[in-house]
1. Go through segment 122-131 and give me each residue that's surrounded by fewer than 13 Cβ atoms within 10 Å (Cβ to Cβ) and in contact with a strand residue (DSSP E or B) (Cβ under 7 Å, 6 or more places away or on another chain).
2. Residues in segment 172-185: is at least one outside any loop (DSSP other than H, G, I, E, B) and modelled with pLDDT of 95 or more?
3. On the basis of being at pLDDT 95 or above, in the same structural domain as residue 191 (by TED's automatic domain parsing) and under 30 Å from residue 175 (Cβ atoms), does residue 99 make the cut?
4. Count, please, the residues in segment 78-121 that happen to be on the phi > 0 side of the Ramachandran plot and surrounded by 15 or more Cβ atoms within 10 Å (Cβ to Cβ).
5. Please find, within segment 250-264, the residue that is surrounded by the fewest Cβ atoms within 10 Å (Cβ to Cβ) out of those that are on the phi < 0 side of the Ramachandran plot and not in a strand (DSSP E or B).
6. From (1) more than 18 Å from the chain's Cα centre (by Cα); (2) without any contact (Cβ under 8 Å) to a residue 24 or more places away in the chain, pick out the condition that doesn't hold for residue 102.
């Protein structure tokens, strides 16, 4: 019987380590864990007022939900990224004046001439490509990856300010008192839509901030990710960390298993994918996220074997059809179609494709001893 996410949140709190690094597949509960941890450390109450100083600063999918697009459907010209009123951006822009830092950081992650422009009240931001002359592209709708980079840049600059402030030992000498009660920084998967180069840069930046955080200032960091590369860079950059793998079990519970090495040494990523799929098939508990794991397993295998595309490992007589099935089910983002329970035919497809990969591409099979 597994643990609940609130129980795992308590385990992370009681460990009282400076850095706790957690790997988990998508749909394993990372974002929900960050919410449970926030409720444990800094619960919202009716008694809160404007003077409340947070005990936890976190970045997760809910952070990105604070930003949404006004696409100017009538004029198709004034496209703006709107910012919902919140303490997170108020602290960064109105209190600390970090807008210039955010622009510089964002351009470092994307391109130097992609320029954000904030409104006077920081309720919206527009983007344009500056061409070195008086020419400008006008307002652009940036890509999802660039949008994620922009939101992360705000959090990164705020975190940089937090660490600089908390490193000042004398509380009365600090520029602001709003971070004095902070205990935890929780970063949940800031790597969506990043290519490998920017992912590595982001991991190094996070590690540098953590290393710069003085051990005497009391800040503790929890980082979760589904990316083996991000996990490995942080593992190798940081010392004195505790590493875990978060698993969602078939009984609906969760397990937080301690790991001693990077992803290549401590949990054999591709073999764990294979084992997870086999267990779901055997228990007839296949869900839609298993298609994402299946695609990932095909990608890892094709890369190892030198195939230019993972789809070339699919059965040749149904390659186009099966490729579309996996693409659709692993990248489905429409809420009306987000049904956890696949159809019987889709479940059979998972079994067929795992058997095909196992039987045709030389996964080692343990022999059953003769009775």
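1. none
2. For segment 172-185, residues outside any loop (DSSP other than H, G, I, E, B) and modelled with pLDDT of 95 or more: present.
3. yes
4. Final tally of qualifying residues: 0.
5. Filtering first and then ranking leaves 260.
6. (2)
One line per residue, one yes/no per condition, for (1) in contact (Cβ under 8 Å) with a residue 24 or more places away in the chain; (2) surrounded by fewer than 13 Cβ atoms within 10 Å (Cβ to Cβ); (3) in a loop (DSSP other than H, G, I, E, B):
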residue	(1), (2), (3)
8	yes, no, no
13	yes, no, no
17	yes, no, yes
27	yes, no, yes
44	no, yes, yes
52	no, no, yes
57	yes, no, no
76	no, yes, yes
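The values are calculated or read from the model by the stated rules, or taken from the named source; none is laboratory data. These figures come from a predicted structure and were not determined experimentally. Neighbour counts are summed over all protein chains in view; Cβ atoms, including those assigned to glycine, are modelled from backbone coordinates with ideal geometry.
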